[in-house]
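Below is one structure, written out as structure tokens, with a few remarks after it.
The values are calculated or read from the model by the stated rules, or taken from the named source; none is laboratory data. What you see is a predicted model, and the numbers here were worked out from it, not measured in a lab. Cβ placement follows ideal geometry from the backbone for every residue including glycine, while neighbour counts extend to all protein chains displayed. All accessible areas refer to the heavy atoms of the entire protein, side chains included, with ligands and DNA or RNA removed. Shrake-Rupley method; radii C 1.70, N 1.55, O 1.52, S 1.80 Å.
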Amino acid sequence: MLDAVKSPRDVIEEVQSFREELCNTVNVVAKEMALRDRMNSQKVESLCAQIEAWVRNYASLLLRINASRVNHEASVSDHAELIDLRREWGVANARCNLFRVELNQWSLMRDMVHAQVAARKKRVPLYEKRQSAMDKAQVGASDDVFDWLHAILNQERQSTDAYDSGCFPDIALPNSEFHKHLHAAYRVLLAKEQTAEMRFLDVGCGGGLKVLAALRYFKDADGLDFQQSYIDTARGLLERANAHSANAFQADALTFDGYSDYEVIYFYRPIRDQDKIIEMERRIVDLAAPGTLLIAPYSGFDCRYEDLGCGRVAGAVYMAKTSQKKADYWRRRAEQTGVAVVHAEEERVPTIWTPLLTASRQSGYDIERYVQPV
Ligand SMILES: C[S@@+](CC[C@H](N)C(=O)[O-])C[C@H]1O[C@@H](n2cnc3c(N)ncnc32)[C@H](O)[C@@H]1O
């Protein structure tokens, strides 16, 4: 690579063709990543070793380019010619440096790829079985803080109309519980390769905090509530958070007819009355599209889901109009995904690594942004 650098133009051409070769190799690795457990791990390892060597060689290439530049400039005696030459080398150097910035990200990409190779035959359960005492204490404290926030954000009292209609007031499911269920549902959608369509609905959203939280996982999040003053509060919250892909609207869960618009429907026992809650569950299941993920974290639904024609994926995550066999299949597939909850990023300028990042994120893997201090 670039053994005979003669001019800045040579440098630009060589760097360009090197970049293209690297892009082609990265694309091959990305295609393998997309195969998940069926990837050819040996091929991936050997291509990664090749990329590793290229990245290392690039540092010595830069030294050689610099030496060429010094020699080139020393060979010119005319001042005007020297100025022109420096300008040309300036352009070449800028290209080289931009490419170096891209290449510097390789170590992050390499770790991300290695994690997928190592995990390709393993399964990570959708819910963790054990939690350490320290984790429990920290998560409990964090849940308390969220409960305070929940109370501060929605100071509306339950209306008489809502009470008389059998509604529960805005009582929050603990934040950490909510995230456990969202995370499990998110991984099922990853397994189903349904990442482009991720619409979430909170049936009985109260002040809207769960709708906002769901945006961390899903592209769109809506909430409906019986009580208009809760909806006004939820709208205020979503507006202040600039949550453009979230929406809150007044509706009665017992008559709402838009359940088929969502891939994930969450209902945390909104209704006190036993007959009415069963009526609501039936309506949701009847109107939801087959395979819709239902998050129902309360006792009662766990006894009724089979009669309603749902399969239980795991924990409080169920699948509408789905046999248990099929739900088990999706649980197993979801357990093969990574556990990263990918940030919905704004469009960025694509880099050589974009195909690798895209394929990895679609499988629940991402680069490690935060390195724990030791
Ligand atoms: C237990 S809270 C759940 C709050 C929030 N979803 C959470 O998980 O933190 C129940 C919410 O459901 C709403 N709700 C009750 N009955 C409803 C109905 N028939 N239609 C729509 N919302 C209802 C209540 O107003 C209340 O805000």
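Computed values, structure above
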{"quantity": "Residue check, I367 among the β-branched types (V, I, T), within 16 Å of the ligand (Cβ to nearest atom) and not assigned by TED's automatic domain parsing to the domain that holds N104", "calculated": "no"}
{"quantity": "Segment 87-117, subset within 28 Å of the chain's Cα centre (by Cα) and of a type in the set (S, T, N, Q), residue nearest to S7 (Cα to Cα)", "calculated": "N104"}
{"quantity": "First in segment 276-287 and among the β-branched types (V, I, T), second anywhere and within 14 Å of the ligand (Cβ to nearest atom) and part of a helix (DSSP H, G or I), Cβ under 7 Å, 6 or more apart", "calculated": "I284/Y259"}
{"quantity": "Failed item in (1) assigned to a helix (DSSP H, G or I); (2) within 14 Å of the ligand (Cβ to nearest atom); (3) in contact (Cβ under 8 Å) with a residue 12 or more places away in the chain; (4) open to solvent by 60 Å² or more (accessible area, probe 1.4 Å), with D143 passing the rest", "calculated": "(4)"}
{"quantity": "Residues satisfying the stated conditions in segment 305-324, i.e. open to solvent by 40 Å² or more (accessible area, probe 1.4 Å) and aromatic (F, W, Y)", "calculated": "none"}
{"quantity": "Set Y217, Y230, Y262, Y266: member being within 18 Å of P169 (Cα to Cα), in the same structural domain as I152 (by TED's automatic domain parsing) and within 19 Å of the chain's Cα centre (by Cα)", "calculated": "Y266"}
{"quantity": "Tally, over segment 152-179, of residues that are near the ligand (Cβ under 10 Å from one of its atoms), more than 18 Å from G315 (Cα to Cα) and either among the polar types (S, T, N, Q) or within 29 Å of the chain's Cα centre (by Cα) (or both)", "calculated": "7"}
{"quantity": "Residue in segment 243-257 that is within 24 Å of the chain's Cα centre (by Cα), open to solvent by less than 50 Å² (accessible area, probe 1.4 Å) and near the ligand (Cβ under 9 Å from one of its atoms) present", "calculated": "no"}
{"quantity": "Matching option when the condition is in the same structural domain as L357 (by TED's automatic domain parsing), over 26 Å from the mean Cα position of the chain (by Cα), of a type in the set (K, R) and surrounded by fewer than 15 Cβ atoms within 10 Å (Cβ to Cβ), among R69, R56", "calculated": "R56"}
{"quantity": "In segment 274-286, the residues that are over 19 Å from S323 (Cα atoms) and open to solvent by less than 60 Å² (accessible area, probe 1.4 Å)", "calculated": "I277, M280"}
{"quantity": "Odd one out for M198 among (1) modelled with pLDDT of 95 or more; (2) touching a strand residue (DSSP E or B) at 6+ places or on another chain (Cβ under 8 Å)", "calculated": "(1)"}
{"quantity": "Hey, L182 buried (at least 20 other Cβ atoms within 10 Å of the Cβ) and away from the ligand (no atom under 14 Å from the Cβ) or not", "calculated": "no"}
{"quantity": "Failed item, numbered, when S77 is tested on (1) in a helix (DSSP H, G or I); (2) over 30 Å from E335 (Cα atoms); (3) open to solvent by 40 Å² or more (accessible area, probe 1.4 Å)", "calculated": "(1)"}
{"quantity": "Of the criteria (1) open to solvent by less than 10 Å² (accessible area, probe 1.4 Å); (2) in contact with a strand residue (DSSP E or B) (Cβ under 6 Å, 6 or more places away or on another chain); (3) farther than 26 Å from I278 by Cα, which one D220 fails", "calculated": "(1)"}
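Listed here are the residues, each with its yes/no results for (1) surrounded by 17 or more Cβ atoms within 10 Å (Cβ to Cβ); (2) not polar (S, T, N, Q).
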position: F267; (1), (2): yes, yes
position: R272; (1), (2): no, yes
position: A288; (1), (2): yes, yes
position: C303; (1), (2): no, yes
position: R333; (1), (2): yes, yes
position: Q336; (1), (2): yes, no
position: V349; (1), (2): no, yes
